Amino acid sequence: MGVRSCELAAIRIHDKVFLGGSYTDTSYKLRRANALIIAVNCIQPGGTCFCASMGTGPEAKSGFDLCLTEILEKGRHCFVIESGSRQGEEILKEISHHPASKDDCARVKALMEEAGNKMGRQMEPQGLKAALLGNPEHPQWEQIAQRCLSCAN
């Protein structure tokens, strides 16, 4: 619950690695098959966020069962919920809700545009793979490794 669009992009990469190659990780496959993913659209990105420049956010577009967008303004607080799967549709049938109005849908679209414009950073995706693979000994990797607390990279 609370999965952001950038995290959904990471899950897609994990799926490709653990499910899409010559060898399938059966433990991962079982966990993914039983996972319920409730995403949240990011309306207030952090200063270090850059998903808009990578085309992975701030709006979740796929890979979720349900996606929530919070609307909090002018004394009004509500969530617009989108279903992204059959399982999500079944859950929506079981909970009290009403269809989103055209105004709510327009507000969600505006919030996503505003969030994309608030991103604190940008990254140019063209040539990124080559730059990363071409610099395995760059000192930046050591700086990143010093911040790592648990992965033991």
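Each value in this text was obtained by applying a stated rule to the coordinates, not by laboratory testing. Predicted model only: the values in this text are computed from it and were never measured. Backbone-built Cβ (ideal geometry, glycine too); neighbour counts: all protein chains shown.
Quick notes on this structure:
- For the chain, fraction of C-alpha pairs farther apart than 26 Å, in %: 41 percent
- Derived scalar couplings ³J(HN,Hα) [region 126-133; Karplus, 6.51 cos²θ - 1.76 cosθ + 1.60; whole Hz; x for Gly, Pro]: 5, x, 5, 4, 5, 5, 5, 5
- Couplings for region 76-82, taken from phi via the Karplus curve 6.51 cos²θ - 1.76 cosθ + 1.60 with θ = phi - 60°, read 10, 9, 8, 10, 9, 10, 10 Hz in order; Gly and Pro are left as x.
- Using the average count of surrounding beta-carbon atoms within 10 Å as a protection proxy, the listed peptides 66-77, 45-56 rank, highest first, as 45-56, 66-77.
- Farthest positive-ward along region 1-101 dipole, Cα basis, beta-carbon charges - from THR24, ILE91, ALA9: THR24
- For the chain, lysine pairs with C-alpha atoms less than 23 angstrom apart, excluding pairs fewer than eight positions apart on the same chain, total 13.
- Entry note, the chain: relative contact order of 25 percent, from Cα contacts under 8 Å with a spacing of 6+ residues.
- In a simple Cβ point-charge model (Lys, Arg +1; Asp, Glu -1; nothing else charged), the chain has a dipole of about 80 debye relative to its Cα centre.
- From largest to smallest, the equivalent ellipsoid semi-axes obtained for region 20-108 from the alpha-carbon gyration tensor read 28, 20, 10 Å.
- Counting only DSSP beta bridges whose two residues both lie in the chain, roughly 65 percent are antiparallel.
- Across ILE43, ILE81, ILE11, mean-square fluctuation computed from a Gaussian network of the chain (C-alpha pairs under 10 Å connected) peaks at ILE11.
- Here the alpha carbons of region 77-143 define both size measures, Rg and Dmax, at 20.5, 55 Å.
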